[in-house]
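These notes concern the structure reproduced below.
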Amino acid sequence: MNIKKVLKGTFLVVLALLVGAIFWQIKSELPHSVNQPKKVVDDKKSKPAPVLEKTAEPAKSKKADSKSAKADWLKSETPIEFPILMYHHIADVVDGNTLFVPADEFEMEMMALKNAGYYTLTPEEAYRVLTTNEKPAEKIVWVTFDDGYKNAYDTAMPILSRLEMTGSFFIITGMRDDEDKMPDEMLLKMKQNSLISLESHTVNHPDLEYLTNDQADSELRDSKQELDRLLKQKTSVICYPAGRYNNETAELAENAGYKLGLTTNPGLASSRNGLFALNRVRVAYGHSEATFMALIGDK
């Protein structure tokens, strides 16, 4: 009986030793990393920062307002005088019509201004010059175009944009459907160019001098309201058709919301003209660089 107990006890001991041996054998063969504490990985630190693709910014023309902000405005002791150039067609001359200036001549004239150090004004800058008697550069000029012809869009604007010069175009709002005039689509595209200003030339291009006050008021107000609506702006300049006006025109224009009025009276513009009777310099075809510069008083 005692022998059986001894054998049974021995068997159990041997069995326990075998089980233990097998356990330790399996444990020793497992990968070492299983027994290591897991390292918590900070994804923010371990992962490389994502590379953001830089979005290309749209090309920008030199903005007129930015140009003005960078200018050193100079105060003058005497009333400032400056040329307001008057163009119509920028195209090959037709039948000797002096309202036409060929594209190559126009570009030559703009290059001459640029090379001579002229600063081209926006309407807002012209108003500041005339009301504060200070200017953004020693030499200033305002380049204007009457009637809103299609060659303003096709020819004049590209030249001005290439040279980074500003220009103001006067639109006859009731003639936008005429074959040779800019339609709304062109005007809206021009509006996107920060170097270009679009202003009023009345609704039907009448001689304001001979209209009744009510008729003139309608031409002035309706044109401004149409441009304000179409272009989402505050139209500030009226260019009188054929340059004609009378004693009541200035008051009517001011009451309609304009700040400046342009005529065809020859000469340099100045506050002495009155804000609603500004002189301009008519530019016809056939100028050389020398005669053009002499025309604007730069000899």
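Quick one: count up the residues across segment 175-195 that are within 30 Å of E248 (Cα to Cα) and touching a helix residue (DSSP H, G or I) at 6+ places or on another chain (Cβ under 8 Å).
Final tally of qualifying residues: 2.
Which residue out of T202, T263 is buried (at least 19 other Cβ atoms within 10 Å of the Cβ), touching a Pro at 6+ places or on another chain (Cβ under 6 Å) and without any contact (Cβ under 8 Å) to a residue 40 or more places away in the chain? It would help to see each step written out before you state the result.
Details: T263 fails: touching a Pro at 6+ places or on another chain (Cβ under 6 Å).
Result of the check over T202, T263: T202.
How many residues are surrounded by fewer than 16 Cβ atoms within 10 Å (Cβ to Cβ) and over 22 Å from N193 (Cβ atoms) if we restrict to segment 226-256?
7
Going by what's in this entry, would D228 be described as over 28 Å from the mean Cα position of the chain (by Cα) and of a type in the set (D, E)? Break it down stepwise before answering.
On the way: over 28 Å from the mean Cα position of the chain (by Cα): no; of a type in the set (D, E): yes.
The answer is no for D228.
Being in contact (Cβ under 8 Å) with a residue 12 or more places away in the chain and over 21 Å from T132 (Cα atoms) narrows it down to one of E226, E254, so name that one.
Numbers: E254 fails: over 21 Å from T132 (Cα atoms).
The conditions single out E226.
Just checking, which of M111, M86 is under 23 Å from the mean Cα position of the chain (by Cα) and either surrounded by fewer than 22 Cβ atoms within 10 Å (Cβ to Cβ) or among the polar types (S, T, N, Q) (or both)? Full working, then the answer.
Numbers: M86 fails: either surrounded by fewer than 22 Cβ atoms within 10 Å (Cβ to Cβ) or among the polar types (S, T, N, Q) (or both).
From the options M111, M86, the qualifying one is M111.
To keep it simple, each residue is scored yes or no on (1) crowded, with 17+ Cβ neighbours inside 10 Å; (2) within 19 Å of the chain's Cα centre (by Cα); (3) in a helix (DSSP H, G or I); (4) among the hydroxyl-bearing types (S, T, Y).
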| site | (1), (2), (3), (4) |
| --- | --- |
| T144 | yes, yes, no, yes |
| A152 | yes, yes, yes, no |
| T155 | yes, yes, yes, yes |
| I159 | yes, yes, yes, no |
| R162 | no, yes, yes, no |
| S168 | yes, yes, no, yes |
| E179 | no, no, no, no |
| S194 | yes, yes, no, yes |
| Q215 | no, no, yes, no |
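Could you count how many residues in segment 266-299 are touching a residue at least 24 places away in the same chain (Cβ under 8 Å), polar (S, T, N, Q) and exposed (fewer than 15 other Cβ atoms within 10 Å of the Cβ)?
0
Y118 is checked against (1) under 19 Å from the mean Cα position of the chain (by Cα); (2) buried (at least 18 other Cβ atoms within 10 Å of the Cβ); (3) of a type in the set (S, T, Y) and fails just one. What number does that condition carry?
Of the numbered conditions (1) under 19 Å from the mean Cα position of the chain (by Cα); (2) buried (at least 18 other Cβ atoms within 10 Å of the Cβ); (3) of a type in the set (S, T, Y), the odd one out for Y118 is (1).
Is there a residue in segment 181-190 that is of a type in the set (A, V, I, L, M, F, W, C), part of a loop (DSSP other than H, G, I, E, B), crowded, with 23+ Cβ neighbours inside 10 Å and in contact (Cβ under 8 Å) with a residue 24 or more places away in the chain? Don't jump to the end; show me each part of the working.
From segment 181-190, those of a type in the set (A, V, I, L, M, F, W, C) are 182, 186-188, 190; that's our starting set.
Filter once more, so that each one left must be part of a loop (DSSP other than H, G, I, E, B): 182.
So of that shortlist, the ones also crowded, with 23+ Cβ neighbours inside 10 Å come out as 182.
Within this subset, residues satisfying the condition of being in contact (Cβ under 8 Å) with a residue 24 or more places away in the chain are 182.
Yes, that holds for at least one residue.
Can you pull out the residues in segment 91-119 that are over 20 Å from Y240 (Cα atoms) and β-branched (V, I, T)?
We begin by selecting, within segment 91-119, every residue over 20 Å from Y240 (Cα atoms); these are 91-97, 101-119.
Listed by number, the residues that qualify are V93, V94, V101.
For segment 185-207, how many residues are in contact with a Lys or Arg (Cβ under 6 Å, 6 or more places away or on another chain) and over 18 Å from G167 (Cα atoms)?
1
Bear in mind that the values in this text are calculations on the coordinates, not laboratory data. Just so it is clear, the structure is predicted and the values come from calculations on it, not from any experiment. Neighbour counts are summed over all protein chains in view; Cβ atoms, including those assigned to glycine, are modelled from backbone coordinates with ideal geometry.
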